[in-house]
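The structure appears right after this line, and notes come after that.
Computed from the coordinates by the stated procedures, all read-outs in this text should not be read as laboratory data. What you see is a predicted model, and the numbers here were worked out from it, not measured in a lab. When we count neighbours, we look across all protein chains shown, and the Cβ atoms used for this are built from the backbone with ideal geometry, even at glycine.
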Amino acid sequence: MHLIESALKPEAAVARHCVDAGDYFLGEIKQGQIFRIVDLKGNQAADVLFYNAHDPSERYSAMDTIRAQANLYLGAGTRLLSNLNRPLLEIIADTCGRHDTLGGACATESNTVRYSLEKRCMHACRDSWMLAIAEHPEFNIRKRDITHNINFFMNVPVTHEGGLTFEDGISAPGKYVELKACMDIIMLISNCPQLNNPCNGYNPTPIEVIIWG
Ligand SMILES: [Zn+2]
């Protein structure tokens, strides 16, 4: 685990957005811009997708990223690669130390299969992503572009036997991850509303997105 603090001051930011649990953030980040995602209350999961702003068919690829860094976990120094094997972003600071890209996002279907039929009507990350792209057709992101994602602050350790486990988070209030865009990108965040597993401590809370320069 490799923790790096940032020297950037929120007062110098060009934009700050608070995103409630169960809500989404959809916006463009220009090449060279730096942004921070802050876990305001701790133990929250931010489910995030990234795209090339000029061609959303180029998007974050978990398998290319994992293969290139030869590590399952994302953290400071990770370059997030696209499905064309090009760097979209780099993680330049991280005070949490654990971010997942294996566990996927919650959906009403997975909640039903994993937990019970009555969970079918509970709000899920996939709903927030679908709402975001429906409300903002100008980003030209389609249903087919909603693929595997990053769960910032989520703790999904892999066992010695290769099993995936969803564990209590190791994040805490004010922990953050900071990224620099290597090209013009679109960021789509679902701030997870999950209540059935400990990805957000059974208590979904807000995050903040802070953008500089
Ligand atoms: Zn979720």
- Task: Within 10 Å, count the other beta carbons around each residue, average over each peptide in 82-89, 99-106, and list them highest first.
- Result: 99-106, 82-89
- Full-extension gain in nm, residue 184 to residue 20, via 0.36 nm per residue minus C-alpha separation: 56.5 nm
- Of 58, 28, 161, which is the most mobile in a GNM of the chain whose springs link Cα atoms less than 10 angstrom apart? 161
- Item | CD proxy at 222 nm, helix term only [per DSSP H run n ≥ 4: -39500 (n - 2.57); per residue of the chain; nearest 500] | -3500 deg cm²/dmol
- Item | Hits among aspartates and glutamates - C-alpha to C-alpha of residue 41 under 12 Å, sequence gap 8 or more where chains match | 20, 208
- May I ask you to order 42-52, 112-122, 146-156 by the average number of other C-beta atoms within 10 Å around their residues, highest value first? 42-52, 146-156, 112-122
- Query: Rounded, prolate or oblate: which one fits the chain, using the alpha carbon gyration tensor with axes a ≥ b ≥ c (rounded when a/c is under 1.5, else prolate when a/b beats b/c, else oblate)?
  - Reply: rounded
- Name the residue, out of 198, 157, 137, whose mean-square fluctuation peaks in a Gaussian network model built on the chain with Cα pairs under 10 Å. 137
- Can you put 4, 207, 66 in order, fewest other beta carbons within 10 Å first? 4, 66, 207
- Task: Return the whole-Å distance between the Cα centroid of the stretch 52-70 and the Cα centroid of the stretch 80-106.
- Result: 9
- What is the calculated FRET efficiency for residue 67 to residue 196, with r their C-beta to C-beta distance and R₀ = 30 Å, to the nearest 0.05? 0.45
- Message: Could you give the length gained by full extension between residue 86 and residue 107, i.e. 0.36 nm per residue of separation minus their alpha carbon distance, to one decimal place?
- Response: 4.7 nm
- Note on the structure: Taking 180-187, 16-23 and ranking on average Cβ neighbours within 10 Å, highest first, one gets 180-187, 16-23
- Note on the structure: 1/(1 + (r/R0)^6) with r = Cβ-Cβ of residue 11 and residue 134, R0 = 35 Å, i.e. FRET efficiency to nearest 0.05, evaluates to 0.50
